[in-house]
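The values are calculated or read from the model by the stated rules, or taken from the named source; none is laboratory data. Remember, it's a predicted structure, so these values are computed and weren't measured experimentally. So basically every Cβ, Gly included, is an ideal-geometry build from the backbone, and we count neighbours across all protein chains shown. Heads up: the accessible areas ignore ligands, DNA and RNA and are worked out on the full protein's heavy atoms, side chains in. Shrake-Rupley method; radii C 1.70, N 1.55, O 1.52, S 1.80 Å.
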Amino acid sequence: MRHKLLLYPLGILLLICGCSTRKNTPINRAYHTVTSHYNINFNGGEALKAGEVALQKSLKDNYTTLLPIYPYPAKEEISSAVPSFDRAIEKASKSIYKHSIFIRGKEYVKTMDDAYLMMGKAYFYKQDYIQAQRVFSYIISTHKTGNCKEEAMVWLTRSLVRQNYFPRAESTMNEAQYAIHPLKSKKLNQLFYGAAAEYYLTAPNGDKQVAIDHILDLIKNKPKKEFKTRLYFILGQLYETMEQPTEAHNYFMKVIKKNPSYEMEFNARMHLASNYDGSPSSKASILKELNKMLKEEKNKDFRDQIYYAISEINRIDENEVEQIKYLALSVSTSTQNNYQRTYSSLKLADIYFNNEQYVKAQAYYDTATLSLPKNYPNYTQIIKKNKILTELVTNLNIIQTEDSLQRIAALPPAARTAWVNKMVADYIDAEQKKKKAEADKELALQNALGMANVNVNTNTNTGKWYFYNPGLISSGRTEFLKRWGTRKLEDNWRISNKQQISFDDLSAMNNPSLADNSEEESDSLSKFETDPKKPGFYLQNLPLTQGAKDTSNRKIAEAIYNAALIYLDMLKDNEKGNQMLEMLTERYPKHEYTLPSYYLLYLNYQKLGNPKSDDYKNIILSQYPNTDYAKLIQDPKYYEKLAEQAKSLEIKYEETYQAYSAKQWNRTITLADEALPLCTDTVLASKYSYLRAIAKGQTEGENSLKEEMYRIVTLYPKTEVAGLAKLFLSTSSAAPTNSTTTAQNKKTDTPDTKTPQDIFVISPQEQHFVIMIVNVHKITGSILDIKNDVAAFNRTYYGLLNLNISSIYINQNEQILTVAKFKNQEAAMNYYNNLIQDAKLSPFHKTKAIVSYAISAPNYTSYYNQVDQRASYEAFFKKNYLKED
């Protein structure tokens, strides 16, 4: 007997060892089928279910848009479910590896297609649609007689739809229909009709009516209550978009009768409100219900949606004033629903934009973009529109602010003092009212807490962590409210009166070249008054000197011109653009932008057929007859001729160089003398002059060569050729003594000709800026992108300096971007050296699309005002800042 007992385990062991996946026997198939089904596949299936539950918990529907048949959270929101899906994939792989009997293209273990299907679903839920597609395709092609082929076809359709492979998805969907229909399986029919409805709601050639038909077929196959309610809601939304309010009303009523989640029921009621028939009695009934809902405390977090529903009623009634009112309330009362805040903000922004109220439109576009998801329809256009409007509003605010400052500065001293005192008094009064309101609120709260007679035993030793103990949490919250009152969840919540301080360095600059620097500032913030209760806070930016007023006027003129270009080029609003240009020419008739403004007005009115174009044409021809603008009016092909002339000069330079290479010195001189009077390109002219200088040296001797080299250095100091000339002169024994050279030197030394040293001064201890000259035609993107890159650089490396960034046009092609401010030259150069090496900005510096300098405050004013001397600052900067010869 003992020997028989020993043989039983041995027999079982031999049976197990004999169940090889390489042998297709009935015992093997039975063993691997049972073991995989009740062991590995079961555990994998449980992991898949756990992942589906976690995925469901991460879902948050956006009721402002059409609900999808099957929701797909953002990839970053499914992290809690991913481990379960990974485990399901691992179990499926293990099941296939250990139990699959796949011989000559056929699978003999019935549970293997279940393992593959489980794997494909897990990949799909992880949103790895490529891997999911491969698995489902493998099931269809390999497990043709299995019980999962039809289901795999449905999942393959959904995988293709998610990848936007719509033609192939449609073909697979049709194949699935032919395979599933004869089976009369409710489960498969539900899956098929759901996938088909999803296809027709997603594909570019989709048909809403066909989608509705498939949803109705899905409902006939009796899905679960929660899913069925969702389908009713989607049907209501679809009929709403198809302008069938009666059908939409019926399905939203079905949603409410199904007793869904409060959020879904609430949104169904909102849709019922927006689908009224337009009759006064219906409107009164709906508004009564909505106003009742507004008063209910449980709807506190849904008030934004209620106000939006009321705005929709006014939209249908074409009452735009009331629609705007309730959209604004929807935005201001939004607490948790980012979807609704974004949707209402965009609706309101679009209304203001279409009404050409760009300042208000920008404010609401800005609000919308704070939480605008990247997959939102027209996301790129919305962001671009917001950037354009932000740039416009920035310039309009400069005009308004500087005009206000000038108006206050122009008041008599007594009136100005009275205004300042009133501003201080108003601020103190508002602050006291705010403190009193907070004190009254906290007193009422503490009285309520005292009357509540809260008695919680905080010493109960339940063995739970604090946040798992409701008693301790309740006690802690009560104590917090007694001590602090109600506080908003934010940084520095303990401080009830938080004031953000912003320093606009350029607007505070009252002509720095004339500023009193008798007391050296140890801290750049010391000159700013930050306390609104002190008069200095309101006086510090007033342009009280002539220099400060000139600076203020310059800012206004630049802002007007920039705003005009935005209106004309980006918003295509010719009327407002022309108004801004006319404002500039009337207020500042001698400004550098006056002539470009006249020319733009001439072009704009000419396009409109307005006789005003002749007025501006005559102004340009009579007052600016020798400018390019006048020549362009007289000859529309003026620039084309200039380009042809430049091209011919380049061809002639090749001819001159060939003569130089052939040592035809006299011909080289003759060709250069013919070209130089016509050459307006400094670089090309310097090359002609260099070839001419070498030829003159060969024909007239070394003294003539030196004379010509000095001439090149004098006339073309910024060119590469000038560097070659300097190198030659540095190795030469003596300067030329020719009378022509002497005359040239005398001309250079005359007091009437200013050198960079005369215009720009060395002042290392003065406040400094870093300026970036940006050629808007050479950069990729816009000036806004450059400003964003600089702002990101500042946040990363200079976050504690509170640096400000501003930009203005200095000519038709370039903007000057100013970073302000730095304590002295050393601090500015430290910033400059890091800036030009920044990964995003370095390529622009290398191609000269951006040229950056450190510059002192006095030199900044000179640089801006002395337009004809701006180019000379580069030599000054290289010599005195970069220490280059």
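Considering only residues that are polar (S, T, N, Q), over 28 Å from the mean Cα position of the chain (by Cα) and farther than 23 Å from LEU272 by Cβ, which ones fall in region 316-332?
None; the set is empty.
Are any residues in region 823-862 out of contact with any helix residue (DSSP H, G or I) (no Cβ under 9 Å at 6 or more places or on another chain) and part of a loop (DSSP other than H, G, I, E, B), and if so, which ones?
Across region 823-862, the qualifying residues are LYS823, ASN824, ALA839, THR847, LYS848.
If the requirement is being among the acidic types (Asp, Glu) and under 33 Å from the mean Cα position of the chain (by Cα), which of these qualifies: GLU529, GLU586, GLU575?
Checking each option against the conditions leaves just GLU575.
Can you name the residue in region 364-390 that is in contact (Cβ under 8 Å) with a residue 24 or more places away in the chain, open to solvent by 30 Å² or more (accessible area, probe 1.4 Å) and under 20 Å from ASP573 (Cβ atoms) and, of all such residues, is nearest to the chain's Cα centre (by Cα)?
LYS387
If we keep just the residues of region 107-126 that are over 45 Å from the mean Cα position of the chain (by Cα) and among the charged types (D, E, K, R), which is surrounded by the fewest Cβ atoms within 10 Å (Cβ to Cβ)?
LYS110
Kindly indicate whether any position in region 99-106 is open to solvent by 50 Å² or more (accessible area, probe 1.4 Å), at pLDDT below 85, among the charged types (D, E, K, R) and more than 33 Å from the chain's Cα centre (by Cα).
Yes.
Can you tell me which of (1) modelled with pLDDT of 85 or more; (2) part of a helix (DSSP H, G or I); (3) not charged (D, E, K, R) is the one PRO625 doesn't meet?
Unmet condition: (2).
Check LEU671, LEU649 and return the single one that is under 55 Å from the mean Cα position of the chain (by Cα), in a helix (DSSP H, G or I) and touching a residue at least 24 places away in the same chain (Cβ under 8 Å).
LEU649
Given (1) crowded, with 19+ Cβ neighbours inside 10 Å; (2) touching a Lys or Arg at 6+ places or on another chain (Cβ under 6 Å); (3) farther than 24 Å from LYS726 by Cα, identify the lone condition not met by TYR638.
(1)
Considering region 509-558 alone, what residues qualify as being hydrophobic (A, V, I, L, M, F, W, C) and either at pLDDT 65 or above or not in a helix (DSSP H, G or I) (or both)?
MET509, ALA515, LEU525, PHE528, PHE537, LEU539, LEU542, LEU544, ALA548, ILE556, ALA557
Being within 22 Å of ILE388 (Cα to Cα), touching a strand residue (DSSP E or B) at 6+ places or on another chain (Cβ under 8 Å), open to solvent by 40 Å² or more (accessible area, probe 1.4 Å) and not in a helix (DSSP H, G or I) is true for just one of ILE805, ILE779. Which residue is that?
The match here is ILE805.
Counting just the residues of region 828-867 that are under 14 Å from ASN794 (Cα atoms) and among the small types (Gly, Ala, Ser), which one comes out surrounded by the fewest Cβ atoms within 10 Å (Cβ to Cβ)?
Among those that are under 14 Å from ASN794 (Cα atoms) and among the small types (Gly, Ala, Ser), it is ALA839.
So if I check each of ASN250, ASN267, which one is closer than 23 Å to ARG230 by Cβ and touching a residue at least 40 places away in the same chain (Cβ under 8 Å)?
ASN267
What number goes with the only condition from (1) open to solvent by 30 Å² or more (accessible area, probe 1.4 Å); (2) assigned to a helix (DSSP H, G or I) that TYR561 does not pass?
(1)
With respect to LEU188, is the statement that it is over 17 Å from PHE136 (Cβ atoms) and not hydroxyl-bearing (Ser, Thr, Tyr) true?
No, not satisfied.
Hey, any hits in region 61-71 for a residue that's farther than 30 Å from SER371 by Cα, in contact (Cβ under 8 Å) with a residue 12 or more places away in the chain, open to solvent by less than 40 Å² (accessible area, probe 1.4 Å) and not charged (D, E, K, R)?
No.
Only one of TYR797, TYR881 is farther than 30 Å from LEU392 by Cα and either of a type outside the set (Val, Ile, Thr) or open to solvent by 20 Å² or more (accessible area, probe 1.4 Å) (or both); which?
After ruling out the rest, the residue left standing is TYR881.
Take the conditions under 39 Å from the mean Cα position of the chain (by Cα), open to solvent by 40 Å² or more (accessible area, probe 1.4 Å) and more than 30 Å from THR25 (Cβ to Cβ) and apply them to GLU76. Does it pass?
yes
Residue pairs, Cβ under 6 Å, 6 or more apart or interchain, first in region 816-828 and free of Cβ contacts under 8 Å to residues at least 60 places away in the same chain, second open to solvent by 10 Å² or more (accessible area, probe 1.4 Å) and among the small types (Gly, Ala, Ser). List them.
Listed by first residue and then by second, the contacts come to LEU817/SER807.
What residue, of GLY146, GLY120, is among the small types (Gly, Ala, Ser) and under 23 Å from PRO71 (Cα atoms)?
Answer to the selection: GLY120.
Taking only pairs six or more apart or across chains, which ones have beta-carbon atoms under 7 Å, a first residue in region 590-618 that is under 30 Å from TYR864 (Cα atoms), and a second residue that is modelled with pLDDT of 90 or more and not in a helix (DSSP H, G or I)?
What qualifies is THR594/TYR588.
Suppose we filter region 20-60 for residues that are open to solvent by less than 70 Å² (accessible area, probe 1.4 Å), of a type in the set (A, V, I, L, M, F, W, C) and free of Cβ contacts under 8 Å to residues at least 24 places away in the same chain; how many remain?
Residues in region 20-60 being open to solvent by less than 70 Å² (accessible area, probe 1.4 Å), of a type in the set (A, V, I, L, M, F, W, C) and free of Cβ contacts under 8 Å to residues at least 24 places away in the same chain: 2 in total.
Which pairs have Cβ atoms under 7 Å, sit 6 or more apart or on different chains, and link a residue in region 324-339 that is open to solvent by 70 Å² or more (accessible area, probe 1.4 Å) to one that is part of a helix (DSSP H, G or I)?
Listed by first residue and then by second, the contacts come to THR335/ASP301; GLN336/ASP301.
Scanning for something within 35 Å of the chain's Cα centre (by Cα) and among the β-branched types (Val, Ile, Thr), does region 239-255 turn up at least one residue?
yes
Given the residues SER274, SER330, SER261, which is the only one that is among the small types (Gly, Ala, Ser), at pLDDT 80 or above and under 30 Å from TYR193 (Cα atoms)?
SER261
Under 25 Å from LEU396 (Cβ atoms), in a loop (DSSP other than H, G, I, E, B) and acidic (Asp, Glu): which single residue out of GLU586, GLU582, GLU575, GLU592 fits that description?
From the options GLU586, GLU582, GLU575, GLU592, the qualifying one is GLU592.
Is it the case that THR246 is loosely packed, with under 13 Cβ neighbours inside 10 Å and part of a helix (DSSP H, G or I)?
So THR246 passes the test.
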